[in-house]
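S.K.: I'd like to ask some things about the structure below.
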There are 2 protein chains.
Amino acid sequence: MVDLGTSWDTEESQKMITHQNKHIIADGWVKRVALTPPVLSDNTADADRLVQGLKKGLGTDKVTIDLRLLKKLPFLLRQWNYCAGCVVLKDRGGWKVVGLFEWDQPEQPLGLAVDLGTSRVVVRLVSLVSGAVLGEHAFDNPQIAIGPDILARVHFSEAAGGLEKLHRLIIDGLNQNIASLSRSCGADPESIYLVSLAGNTTMTHLFMGLDSRWIIREPYIPVTNRPGMLRASDLGMAINPCGRIYLHPNIGSYFGGDLMAGILYSGMHTREETAILVDVGTNAEVVLGNKNWLIACAGAAGPALEGGVTRMGMMAGPGVIDKVVIHPREDVFDLHTMGDAKPKGICGSGLIDLAAQLFLSGMLDIRGKFNPKACGARLINTDGIPNLVIVPADQSATGQDLFVSQADIDSLIRSKAAMYTILETITASVGMLPGELSTFFVAGTFGSFIDPASAISIGMLPDLSLDAFNVLGNSSLEGAAQLLTCPTNLDEIDHIRDRITYLELNVNQEFMNRFSAAKFLPHTDPNLFPSVIFNNSNK
Amino acid sequence: MVDLGTSWDTEESQKMITHQNKHIIADGWVKRVALTPPVLSDNTADADRLVQGLKKGLGTDKVTIDLRLLKKLPFLLRQWNYCAGCVVLKDRGGWKVVGLFEWDQPEQPLGLAVDLGTSRVVVRLVSLVSGAVLGEHAFDNPQIAIGPDILARVHFSEAAGGLEKLHRLIIDGLNQNIASLSRSCGADPESIYLVSLAGNTTMTHLFMGLDSRWIIREPYIPVTNRPGMLRASDLGMAINPCGRIYLHPNIGSYFGGDLMAGILYSGMHTREETAILVDVGTNAEVVLGNKNWLIACAGAAGPALEGGVTRMGMMAGPGVIDKVVIHPREDVFDLHTMGDAKPKGICGSGLIDLAAQLFLSGMLDIRGKFNPKACGARLINTDGIPNLVIVPADQSATGQDLFVSQADIDSLIRSKAAMYTILETITASVGMLPGELSTFFVAGTFGSFIDPASAISIGMLPDLSLDAFNVLGNSSLEGAAQLLTCPTNLDEIDHIRDRITYLELNVNQEFMNRFSAAKFLPHTDPNLFPSVIFNNSNK
């Protein structure tokens, strides 16, 4: 039996994450200048004097000053005796001074990291001077009111006024949450000078008010791959009027800025050794590579992995089963629910656990079918479909039996097979096998709930040592936050963007053969999953 | 007697000016792209596809697209089958696409050159595609309602709301005149994508809404020397919403963008041979140099040169005397007035002519005092001050005698002496004498009315061959217009700006000695003006 107490929250993995999130604030977005006040023999203009003062730290005099700031500059410099703190942001071409503040005053310029998810949005407030995190806030993407998924929203955006409405919803939602987060941290949104936003391609487009209709139609064309650094005021963001917003670039319609930020955060693009990064979800996005090359691909894995198919499946929340251990001899299902509430459903990671445990206990066979003998009285037949009771009515929050059907399991198996096939295809493209990887980054919030041992047991993830798995958590937010610590991250992102090759997944015969082979538990080729076979035979 | 019919309007000098005004439209601000439409195997985003298409012509992919344009981009590219004309503007850091148009359509993107003078403003509309001039329009600077000169306006700007009012006056005045000029050319202000504006440092500051109080006070500090390329909409300019405005840089408070544009237009910064460029006026601004070095200085010459002191002095206009020939034997003053109207006053260039003719005819002596014998009945004494009647009452438009007083002449002589001293000082700084120059560019509108022969006769300009003088006309406007023809002008301007050394004119003993020596007609050292002595002795 596999050990369920895997090391996702151990001190060691935490340390690694902290280490990856470099806080090089000394070379950050804030510079201090102490200028010599003008005299007759040196009557350089105030702006040019400031630029000269910044030149040493920035290594260039290609520095412009926001017009709004220019209007205040002569007063502020004289008031502060020509000593000031400057917020300097790097544009594609050069530097821009967007903020001036009195160096010794407690009020410091802030940055905001945003993970713009289709369902959830997370904002994190950070000091641009010290790198300290002031606070974090998560909220539902207000566009959910229009439609739960990307497709529904894009279709809505095509109607008259639709795009503007979607755009306003997310901008207003962000502004409200920025205001409340700032308030709760005792800060002023006017102190925010840089927003670093990472989201999938469509969410980023809707945020910018760009038409997304061509993203979802062949040949799947975004309006832009590199939105870059925009004026926050042009987008209606209620932060400092001179503030800028950096939008993490995408690779294409199905590989967005959230993934790009995840790569940055993982550091895989700086490592000698080849690693893989996987964001598991309805869409599986995968990057393989090292400091010399990067290959990316994205493919549909189906909604089962996110708990979106089964009748009892649901999003994470109180009473949702997220961990399952089965003691087959005693016919005991040891279930863990969020908030330790009475069970009312199961989330995607719980379903993976469940399937793994059912397989390891013999209740599911190698084809993923219920084994009536092993299942015993739990297996009931409703309208000809076998259902396995997971929680009897008297123990559930709903007062009804909670069960999974054979169809639910079939759907999960298709999803896990798609996932594994994508991993096989991308590794094969460089002549590797998934099992040869030594580092496996699990990106995204959903992925961080998956127990890799369970995922291996059902053949969804390759049979690597558990040490190989490195769960990044909300890697989109972390990557966005990392940008706030140091401008060199911009170059790193460009570097990643320039080197990445996008592998178009052709669903051809070879892909289908791999997919068919992966539709068994754990796989038709048991040699690919020696640990699973070992566990099974050791029972 | 010197020949008054100097060659300012000959075909040859015209040719030279046209030659200087390079129209390198092939490498202009407008590029045509013909892109391959996207397919599954090449699903680059629209914006990135456009940038790739522009890369060849621009030599870089550091190109961003204005957000407003980005919103329309996918529709326009598909409508035009991925062929488009692009207006691409260069910022300090990189290129920006600010306009998209259908290549084969007659409506073309336009540029606007502006000479922003303290008194007059001139706007010129130019095709950014062909370089053709569509039309030109001049109007009084509306800030005159606040005050006639820089000082009055800066003082006004310091009161509450003063700066904003001055800013609005010039912006509104420009917008009205842009609208009427466009209308008269059958064009739409929305077609204007680039404004190139050259003005003195204070006018440029007030145009931008920047505080100018430190410009007029020791140590004379502008807010900015290099305003660069700004969004026209940020300044309230009613042109294309994506349009940009380039503000020609200044060297300091007293050497503005108008002069910088003049240097560009003269081409002196590209010549092997050392030349001088002089903008004659109340302030004399001078640049000396060649392709290797440039020295600039500015000094007060007094208002006499612009007709601002004498009782009969006035700005150019109908009835104003602008040319004078004296036939001393017949006691005939052969006067030319603007519009051939009855004389009512004299402008600065007329006064220089008059003084030269009075000196050459012996009516003024070497000290600049009226010679009663030669002046005869024209010299009358009013309240102890000698006055010379130029136009008797029965011939004047006012019905009164038009005369110049000894005080008027004294004032002119101080001004011309200051002018010559400035020229002597700047040439001496590189070990030259003013008489050693072989090319003398006369910049600015006022200068173009001065007869260099007359100016030499009174010792205001050095005694060079008349061929050496090259009258540039409104060199500020021409330089501003030149920028509209080719982006490389931006680099040229930066190059000029970087190489120029500003020579602070210290009014020390040496300066005062030179000034005293220059207060004679033409000079205490007659060897400096051999042609004048020759003319005088030949009479």
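S.K.: Of the residues B:299, B:281, only one is at pLDDT below 95 and touching a strand residue (DSSP E or B) at 6+ places or on another chain (Cβ under 6 Å); which?
M.R.: B:299
S.K.: Can I ask one more? Taking only pairs six or more apart or across chains, which ones have beta-carbon atoms under 7 Å, a first residue in region A:176-187 that is within 15 Å of residue A:240 (Cα to Cα), and a second residue that is at pLDDT 95 or above and exposed (fewer than 13 other Cβ atoms within 10 Å of the Cβ)?
M.R.: From residues that are within 15 Å of residue A:240 (Cα to Cα), there are no pairs.
S.K.: Let me ask something else. Considering each of B:441, B:469 in turn, give the residue that is of a type outside the set (S, T, N, Q) and closer than 19 Å to residue B:522 by Cα.
M.R.: B:469
S.K.: Pull up region A:444-472, narrow it to residues that are out of contact with any Phe, Trp or Tyr (no Cβ under 8 Å at 6 or more places or on another chain) and polar (S, T, N, Q), then point me to the one that is farthest from residue A:284 (Cα to Cα).
M.R.: Per the stated criteria, the residue is A:465.
S.K.: Taking region B:359-394 as the search range and keeping residues that are in contact (Cβ under 8 Å) with a residue 40 or more places away in the chain and among the aliphatic types (A, V, I, L, M), which one is surrounded by the fewest Cβ atoms within 10 Å (Cβ to Cβ)?
M.R.: The selected residue is B:366.
S.K.: Conditions first: (1) within 14 Å of chain A (Cβ to nearest Cβ); (2) surrounded by 16 or more Cβ atoms within 10 Å (Cβ to Cβ). Residue B:164 passes all but one, so which condition is the exception?
M.R.: (2)
S.K.: Right, here's the next one. When region A:315-349 is examined, which residues are found to be within 25 Å of residue A:140 (Cα to Cα) and touching a Leu at 6+ places or on another chain (Cβ under 8 Å)?
M.R.: A:321, A:323, A:343, A:344, A:345, A:346, A:348
S.K.: State whether the residues of region B:224-233 include one that is in a strand (DSSP E or B) and without any contact (Cβ under 8 Å) to a residue 40 or more places away in the chain.
M.R.: Yes, the conditions are met somewhere in region B:224-233.
S.K.: Okay, next question. Would you check if residue A:447 is buried (at least 23 other Cβ atoms within 10 Å of the Cβ) and within 26 Å of residue A:361 (Cα to Cα)?
M.R.: yes
S.K.: Additional query: So, in region B:91-132, exactly how many residues are more than 23 Å from residue B:202 (Cα to Cα) and part of a strand (DSSP E or B)?
M.R.: Number satisfying all stated conditions: 12.
S.K.: Of the residues in region A:40-50, how many are over 10 Å from residue B:224 (Cα atoms) and assigned to a loop (DSSP other than H, G, I, E, B)?
M.R.: 3
S.K.: Same structure again: Inside region A:134-161, can you point out the residues that are of a type in the set (A, V, I, L, M, F, W, C) and surrounded by 14 or more Cβ atoms within 10 Å (Cβ to Cβ)?
M.R.: A:134, A:138, A:139, A:144, A:146, A:150, A:154, A:156, listed by residue number.
S.K.: Would you pick out the residues in region B:224-236 that are more than 7 Å from chain A (Cβ to nearest Cβ) and touching a strand residue (DSSP E or B) at 6+ places or on another chain (Cβ under 7 Å)?
M.R.: B:227, B:229, B:231, B:232, B:235
S.K.: Return the residue satisfying two criteria in turn: it lies in region A:265-294 and is in contact with a Ser or Thr (Cβ under 6 Å, 6 or more places away or on another chain) and not charged (D, E, K, R), and of such residues it is nearest to the other protein chains (Cβ to nearest Cβ).
M.R.: The qualifying residue nearest to the other protein chains (Cβ to nearest Cβ) is A:277.
S.K.: Right, here's the next one. If I ask for residues that are at pLDDT 95 or above and within 11 Å of residue A:266 (Cα to Cα), which ones from region A:443-470 would you list?
M.R.: A:470 - this is the single residue of region A:443-470 that is at pLDDT 95 or above and within 11 Å of residue A:266 (Cα to Cα).
S.K.: Would you tally the residues in region B:51-81 being part of a loop (DSSP other than H, G, I, E, B) and within 11 Å of another protein chain (Cβ to nearest Cβ)?
M.R.: Residues flagged as part of a loop (DSSP other than H, G, I, E, B) and within 11 Å of another protein chain (Cβ to nearest Cβ) within region B:51-81 amount to 4.
S.K.: Collect the residues in region B:182-223 that are more than 12 Å from every other protein chain (Cβ to nearest Cβ) and surrounded by fewer than 21 Cβ atoms within 10 Å (Cβ to Cβ), keeping them in residue-number order.
M.R.: B:183, B:184, B:185, B:186, B:187, B:188, B:189, B:190, B:216
S.K.: Let me ask something additional. How many of the residues in region B:62-84 are in contact with an Asp or Glu (Cβ under 9 Å, 6 or more places away or on another chain) and in contact (Cβ under 8 Å) with a residue 60 or more places away in the chain?
M.R.: Looking only at that region, the number is 1.
S.K.: Tell me yes or no: at least one residue of region B:250-264 is surrounded by 21 or more Cβ atoms within 10 Å (Cβ to Cβ), in contact with an Asp or Glu (Cβ under 7 Å, 6 or more places away or on another chain), in contact (Cβ under 8 Å) with a residue 60 or more places away in the chain and within 14 Å of another protein chain (Cβ to nearest Cβ).
M.R.: yes
S.K.: Out of (1) under 35 Å from the mean Cα position of the chain (by Cα); (2) in contact (Cβ under 8 Å) with a residue 12 or more places away in the chain; (3) not in a strand (DSSP E or B), the odd one out for residue B:135 is which?
M.R.: (3)
S.K.: Give A:46, A:104 a once-over and let me know the one that is over 37 Å from the mean Cα position of the chain (by Cα) and of a type outside the set (Ser, Thr, Tyr).
M.R.: Criteria check complete, one pass: A:46.
S.K.: Inside region B:251-358, counting only strands (runs of 3 or more DSSP E) that do not spill past its ends, which hold 1 or more residues that are in contact with a Cys (Cβ under 9 Å, 6 or more places away or on another chain)?
M.R.: Once the strands (runs of 3 or more DSSP E) in region B:251-358 are filtered for at least 1 residues that are in contact with a Cys (Cβ under 9 Å, 6 or more places away or on another chain), what remains is B:283-289, B:320-327.
The values are calculated or read from the model by the stated rules, or taken from the named source; none is laboratory data. Note that the structure is a prediction, hence the values are computed from the model and not measured. When we count neighbours, we look across all protein chains shown, and the Cβ atoms used for this are built from the backbone with ideal geometry, even at glycine.
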